1. What are the residues in region 70-80 that are of a type outside the set (Lys, Arg) and out of contact with any Leu (no Cβ under 9 Å at 6 or more places or on another chain), if any?
2. Does Ala136 satisfy the condition of being closer than 30 Å to Tyr6 by Cα and modelled with pLDDT under 95?
3. Run Gly121 past the list (1) within 15 Å of the chain's Cα centre (by Cα); (2) surrounded by fewer than 18 Cβ atoms within 10 Å (Cβ to Cβ); (3) touching a residue at least 24 places away in the same chain (Cβ under 8 Å); (4) not in a helix (DSSP H, G or I) and report the number of the one that doesn't hold.
4. Thr60 - would you say it is of a type in the set (Val, Ile, Thr), within 13 Å of the chain's Cα centre (by Cα) and within 25 Å of Ala12 (Cβ to Cβ)?
5. Which pairs do you get when a residue that is under 17 Å from Met122 (Cα atoms), found in region 1-22, comes within reach of a residue that is modelled with pLDDT of 95 or more and in a strand (DSSP E or B), reach meaning Cβ atoms under 7 angstrom, with the pair 6+ apart or on two chains?
6. The conditions are (1) outside any loop (DSSP other than H, G, I, E, B); (2) more than 17 Å from Val35 (Cα to Cα), and Gly116 fails exactly one of them. Which is it?
7. If you check Gly48, Gly43, Gly55, Gly76, which single one turns out to be free of Cβ contacts under 8 Å to residues at least 60 places away in the same chain and under 15 Å from the mean Cα position of the chain (by Cα)?
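The values are calculated or read from the model by the stated rules, or taken from the named source; none is laboratory data. Remember, predicted model here, so these are calculated numbers, not experimental data. Note: ideal-geometry Cβ built from the backbone for every residue, glycine included; neighbour counts use all protein chains shown.
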Amino acid sequence: MAKTLYEKLFDAHVVYEAENETPLLYIDRHLVHEVTSPQAFDGLRAHGRPVRQPGKTFATMDHNVSTQTKDINACGEMARIQMQELIKNCKEFGVELYDLNHPYQGIVHVMGPEQGVTLPGMTIVCGDSHTATHRAFG
C-alpha cells in the first residue's frame, strides 16, 4: 500500500522502534527561545550532558523583547533574567544565538523559515505552541 508524505517523512526519521513503544525519532533542528529553554539547559547540566549537535540547534530571543529598544536592561526583571540565561547557556553549550543585536533576530517561528533553518522534510522541536506551523514547509 502506498504511503502518505507524512508516513514517508516519519519513517525516514525513525532511529529506534520497539514493539508497543513510541518510536524514537531523529530530530533535524532544535529551535530555542528564552522562556522555555532554561529548564532544558538545566537538565543537560544536571546530568553532565552536552547539546549533542550544537550546529543543529538555533536560539533567539523573541518572547520577552522590547519593541522600543534592543537593550535587555530596559525589559522587566524576569524577562531580563531569561534573556541573560539564554546568552549564558548558548555560550556554555555552543549554540548559535540570534540575540537582540543580530540582524536576523526575530520570532523563532518566522526566523527559522526565513533563514533556511527550517526546510521541507525536517523534524523540528521547539518549546513553543506554534512549532506545528513549520509543517507548512513539509
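1. Step one: list which residues in region 70-80 are of a type outside the set (Lys, Arg), which gives 71-79.
Within region 70-80, Asn73, Ala74, Cys75, Gly76, Glu77, Met78, Ala79 meet the criteria.
2. On the way: closer than 30 Å to Tyr6 by Cα: yes; modelled with pLDDT under 95: yes.
Yes.
3. (1)
4. no
5. These pairs meet every condition: His13/Leu25; Val14/Leu25; Val15/Leu24; Val15/Leu25.
6. (1)
7. Answer to the check: Gly55.
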